[in-house]
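Enquirer: Right, I'll just put the structure down here and ask away after.
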Amino acid sequence: MALFLINRYLGDEGDDGSSNESRAKALLAKLQRKAKVKEQQSLSCQEEYQSKTTVESDRVTSVKKKRKNKGGNLDVTKHPKKRKEQVNQDVSPPDPEELSEGDNARKKKDTKKMQLTEKDKDGMKQKSVHNKNGNLQEAAAAADKTELLKNDEMVEKIQTDQSIQDTETNPSQTGFTILGGFEKKIIQKVQRVLPKWLAEPDVIQRDITSNLVPISDVPGICTKLQRKLESNGIHHLFPVQAEVIPAILESVSHGLLIGRGGYKPRDVCVSAPTGSGKTLAFVIPVIQALIGRVVCKVRVLAVLPTKELAQQVCKVFSSYAEGNSLKVVMLAGQKSFAAEQALLSENRGGISHSLADIVVATPGRLVDHINKNDGFSLEHLRFLIIDEADRMIDSMHQSWLSQVTKAVYRPRRVSEAVSIFKRTEPAPITAASLSPPQMPLQKLLFSATLTQNPEKLQQLGLHQPRLFSSVHSQSTTNPESQERFNFPQGLTEYYVPCTLSKKPLLILHFILRLKFSPILCFTNSREATHRLFLLVQLFGGVQAAEFSSRLSPNERMRTLKEFEQGKIQLLISTDAAARGIDINGVKCVVNYDAPQFIRTYIHRVGRTARAGKSGLAFTFLLGVQEKKFLQMVKDAGSPGIHKQIVMPGNLKSMEPRYEQTLLELGNTIKGEKAKKRV
Ligand SMILES: Nc1ncnc2c1ncn2[C@@H]1O[C@H](COP(=O)(O)OP(=O)(O)OP(=O)(O)O)[C@@H](O)[C@H]1O
């Protein structure tokens with residue numbers, strides 16, 4: 001017995017319930033009818049074709065015969081490409097049997113063209129007769145012949161090309177749907193458009209000095225903080241502070257719990273030049289928002305890429321939290337894990353109590369505390385500050401943000417789960433979602449080189465972000481093209497063409513002859529930093545120090561302090577000191593090694609010309625680097641980089657001592673290597 005019964009649809013006749021045999025007969029009859037109709041159509045096509053193609057030359061017919069002998073198959077309507085190839089090799093009209101109605105119409109067109117070309121031929125013949133005489137006439141006639149032959153070929157080509165076009169543009173003529181043909185379509189280039197919030201930011205004035213705003217003119221800053229600012233020597237706010245502080249304060253105008261009108265507050269992104277005062281732009285409003293708090297909980301978390309930066313920001317927070325009973329704790333690995341744990345919380349009566357309102361952390365240590373410290377809770381977190389945001393996005397592979405988000409939205413302990421505040425991850429706003437008291441998490445992003453790449457920013461999961469920027473972008477800006485940034489107003493940029501061997505002499509010339517101290521000098525690796533430091537030290541006459549991961553965190557801190565105090569004339573550093581570090585009084589930055597990326601350049605040169613002051617930046621460029629580097633700086637929106645030539649004669653007097661120093665350097669490095677091996 002058959003397991004399956006397969007029924008085939010045999011047309012309307014198949015539905016009447018008759019036997020298989022009668023169905024087969026009906027189908028056969030139908031096919032025969034169709035074949036007859038087709039045959040009649042083909043015959044009528046053939047007749048029409050023969051009547052219209054009398055102008056075809058004998059030569060063409062012979063070619064056609066040849067093709068038939070070869071057994072070539074011209075049924076290429078299904079394969080337009082193949083047809084084109086074949087036609088180019090073997091030009092002949094298609095078989096009348098193959099012609100459909102569409103082909104006939106096409107044939108009419110072709111015949112018209114042929115007639116036109118015949119006229120051309122006649123015209124050309126007459127021309128030649130009129131223009132030439134005597135012996136020349138014969139030659140001219142021969143030339144005409146070849147011309148005509150060429151013409152014939154052209155006519156045929158036009159015909160076949162036209163027929164291909166017809167077939168391709170109007171597939172219905174062939175009766176087949178032609179698949180593919182994509183290469184023929186003109187594909188419109190996708191116009192990338194920035195999202196509105198990125199394309200139309202709130203504009204921040206770039207020029208600090210002529211746009212200072214008196215503290216009392218900025219709405220929302222309480223008198224306590226105003227006095228604190230003044231006691232710290234700040235009487236006016238910089239443009240970025242005057243714009244951003246009121247915006248953040250507005251989002252907490254109805255308390256910490258929920259944004260205005262019950263909506264979650266918008267996240268804030270700030271892109272402003274180096275040294276423009278971004279730190280106070282988040283410290284002031286956040287401190288003010290916390291001043292009235294009753295219970296101590298971690299409500300502010302600031303994440304920074306390096307220990308030095310975390311320490312710097314922690315210092316500013318502590319300065320403004322002082323006297324407001326707010327506690328600031330740093331988690332950056334400066335202290336042991338247990339010591340940081342003790343600073344974060346204490347256990348009273350079996351319940352963990354937070355000892356920190358504001359936590360300033362580096363990503364690694366932060367994740368350690370989230371995972372291993374039960375006394376560290378982010379359940380009440382209200383502000384997440386991401387400083388040097390573009391760098392922090394690059395370090396997203398450490399998944400620190402997802403760990404923070406997890407800790408914020410999913411309380412780990414049962415006691416926390418029954419908290420009166422219900423946290424919900426950002427989602428469509430409905431009346432129901434707004435009914436319980438909400439503790440929103442607001443993200444505040446800051447950078448001098450904030451990316452405009454929406455794909456990168458998307459990783460941060462921003463909620464209705466608002467951008468404050470000193471860079472005006474167009475809505476049509478291509479996010480993939482090189483981004484433009486603003487340079488500090490007081491910065492003057494130079495490049496110094498040089499050779500590799502002259503670089504050490506140049507830096508010595510800058511410090512010993514041109515007296516450009518203090519100089520912050522950047523190299524591209526810690527080895528290069530160390531070698532240059534040794535060389536300068538051996539040369540003598542300069543107070544130099546190095547700054548890189550070769551040093552312990554405490555040594556690095558001490559070095560920065562001594563540099564700021566003026567005890568060090570030349571600080572040779574890796575990019576460890578390129579970002580965010582605020583060292584008072586750096587007059588000159590030297591890029592001993594040219595930076596590879598524009599962001600690195602902007603942050604390095606931004607260590608000078610801070611807070612509206614002036615500063616100089618020099619970049620030593622080898623011949624091969626010049627073109628690419630200058631283009632990169634220009635494309636990024638630099639107001640102009642000047643050429644500074646140091647004549648070889650100016651370095652001559654230092655050369656003998658330098659040669660001697662190189663020998664000593666070789667021995668010192670050998671000694672260091674030997675020491676390492678032991
Ligand atoms: N309103 C102000 N008046 C005077 N000085 C200020 C003011 N605001 C900030 N400063 C000073 O300006 C300097 C630069 O500030 P800050 O470090 O915040 O800049 P930044 O924009 O964060 O720079 P970077 O992008 O390099 O990190 C600091 O020394 C700070 O004390």
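The values are calculated or read from the model by the stated rules, or taken from the named source; none is laboratory data. Given the structure is predicted, the values throughout are model-derived calculations rather than measurements. Positions of Cβ are generated from backbone atoms using ideal geometry, with glycine treated the same way; all protein chains shown enter the neighbour counts.
Enquirer: What do you reckon, is residue 271 crowded, with 23+ Cβ neighbours inside 10 Å, at pLDDT below 95 and among the hydroxyl-bearing types (Ser, Thr, Tyr)?
Expert: yes
Enquirer: Going residue by residue through region 249-267, is there one that turns out to be touching a residue at least 60 places away in the same chain (Cβ under 8 Å), within 16 Å of the ligand (Cβ to nearest atom) and either within 22 Å of residue 197 (Cβ to Cβ) or in a loop (DSSP other than H, G, I, E, B) (or both)?
Expert: No, region 249-267 has no match at all.
Enquirer: Sticking with this one: Of the residues in region 200-224, how many are surrounded by 15 or more Cβ atoms within 10 Å (Cβ to Cβ), among the β-branched types (Val, Ile, Thr) and touching a residue at least 40 places away in the same chain (Cβ under 8 Å)?
Expert: The qualifying residues number 3.
Enquirer: Now for a different question. If a residue has to be more than 10 Å from the ligand (Cβ to nearest atom), surrounded by 24 or more Cβ atoms within 10 Å (Cβ to Cβ) and under 18 Å from the mean Cα position of the chain (by Cα) to count, how many in region 597-620 make the cut?
Expert: Count: 1.
Enquirer: Out of all the residues in region 275-286, is one or more crowded, with 16+ Cβ neighbours inside 10 Å, among the charged types (D, E, K, R) and out of contact with any Lys or Arg (no Cβ under 7 Å at 6 or more places or on another chain)?
Expert: Yes, region 275-286 contains at least one residue that is crowded, with 16+ Cβ neighbours inside 10 Å, among the charged types (D, E, K, R) and out of contact with any Lys or Arg (no Cβ under 7 Å at 6 or more places or on another chain).
Enquirer: Continuing with the same structure: Right, residue 578: within 11 Å of the ligand (Cβ to nearest atom) and in contact with a Gly (Cβ under 6 Å, 6 or more places away or on another chain) or not?
Expert: No, not satisfied.
Enquirer: Still on this structure, please answer the following. Report, by residue number, each residue of region 635-660 that is surrounded by fewer than 11 Cβ atoms within 10 Å (Cβ to Cβ) and in a helix (DSSP H, G or I).
Expert: Once the filter is applied, which keeps residues that are surrounded by fewer than 11 Cβ atoms within 10 Å (Cβ to Cβ) and in a helix (DSSP H, G or I), region 635-660 yields 649, 652, 656, 659.
Enquirer: Tell me, please, whether a residue that is among the hydrophobic types (A, V, I, L, M, F, W, C), at pLDDT 75 or above and not in a helix (DSSP H, G or I) can be found in region 420-441.
Expert: Checked against the condition, which is being among the hydrophobic types (A, V, I, L, M, F, W, C), at pLDDT 75 or above and not in a helix (DSSP H, G or I), region 420-441 yields at least one hit.
Enquirer: Just for region 312-323: of the residues that are of a type outside the set (Gly, Ala, Ser) and surrounded by fewer than 18 Cβ atoms within 10 Å (Cβ to Cβ), which one is nearest to residue 225 (Cα to Cα)?
Expert: 322
Enquirer: Something else about it: Restricted to region 192-239, and to residues that are within 23 Å of the chain's Cα centre (by Cα) and either among the acidic types (Asp, Glu) or part of a strand (DSSP E or B) (or both), which residue is farthest from the ligand (Cβ to nearest atom)?
Expert: 200
Enquirer: Is there any pair with a first residue in region 338-349 that is more than 12 Å from residue 372 (Cβ to Cβ) and a second that is surrounded by fewer than 17 Cβ atoms within 10 Å (Cβ to Cβ) and of a type in the set (A, V, I, L, M) whose Cβ atoms are under 8 Å apart and which are 6 or more apart or on different chains, and what are they?
Expert: Short answer, once both residue conditions are applied: 343/355; 345/355; 346/355.
Enquirer: When you look at residue 540, is it more than 14 Å from the ligand (Cβ to nearest atom), at positive phi, in contact with a Lys or Arg (Cβ under 9 Å, 6 or more places away or on another chain) and in the same structural domain as residue 653 (by the TED database), yes or no?
Expert: Answer is yes for this residue.
Enquirer: Mind counting the residues in region 341-384 that are under 17 Å from residue 330 (Cβ atoms), loosely packed, with under 15 Cβ neighbours inside 10 Å and of a type in the set (Asp, Glu)?
Expert: 0
Enquirer: So residue 388 passes all but one of these: (1) closer than 21 Å to residue 338 by Cβ; (2) in contact with a Pro (Cβ under 6 Å, 6 or more places away or on another chain). Which condition number does it fail?
Expert: Only one criterion in (1) closer than 21 Å to residue 338 by Cβ; (2) in contact with a Pro (Cβ under 6 Å, 6 or more places away or on another chain) is unmet by residue 388, namely (1).
Enquirer: When both residues are 6+ apart or on different chains and their Cβ atoms are under 6 Å apart, which pairs have a first residue that lies in region 554-579 and is of a type in the set (D, E, K, R), and a second that is away from the ligand (no atom under 16 Å from the Cβ)?
Expert: 562/568
Enquirer: Only one residue in 467, 457 is modelled with pLDDT under 90 and surrounded by 16 or more Cβ atoms within 10 Å (Cβ to Cβ). Which one?
Expert: Result of the check over 467, 457: 457.
Enquirer: I've got another one for you. Could you check how many residues of region 275-301 are more than 12 Å from the ligand (Cβ to nearest atom) and of a type outside the set (Lys, Arg)?
Expert: Residues meeting the conditions: 14.
Enquirer: May I ask you to say which residue of 242, 272 is touching a residue at least 40 places away in the same chain (Cβ under 8 Å) and within 16 Å of the ligand (Cβ to nearest atom)?
Expert: From the options 242, 272, the qualifying one is 272.
Enquirer: For region 543-554, enumerate the residues that are modelled with pLDDT of 95 or more and more than 17 Å from residue 527 (Cα to Cα).
Expert: 543
Enquirer: Run residue 332 past the list (1) under 36 Å from the mean Cα position of the chain (by Cα); (2) farther than 19 Å from residue 391 by Cβ and report the number of the one that doesn't hold.
Expert: Going through (1) under 36 Å from the mean Cα position of the chain (by Cα); (2) farther than 19 Å from residue 391 by Cβ one by one, residue 332 breaks only (2).
Enquirer: Which strands (runs of 3 or more DSSP E) does region 331-415 wholly contain that include 2 or more residues that are at pLDDT 95 or above, within 16 Å of the ligand (Cβ to nearest atom) and not assigned by the TED database to the domain that holds residue 284?
Expert: Per the criteria, no element qualifies.
Enquirer: Can I ask one more? Give the residues of region 616-634 that are touching a residue at least 60 places away in the same chain (Cβ under 8 Å) and out of contact with any helix residue (DSSP H, G or I) (no Cβ under 8 Å at 6 or more places or on another chain), sorted by residue number.
Expert: Within region 616-634, 616, 623, 626, 629, 630 qualify.
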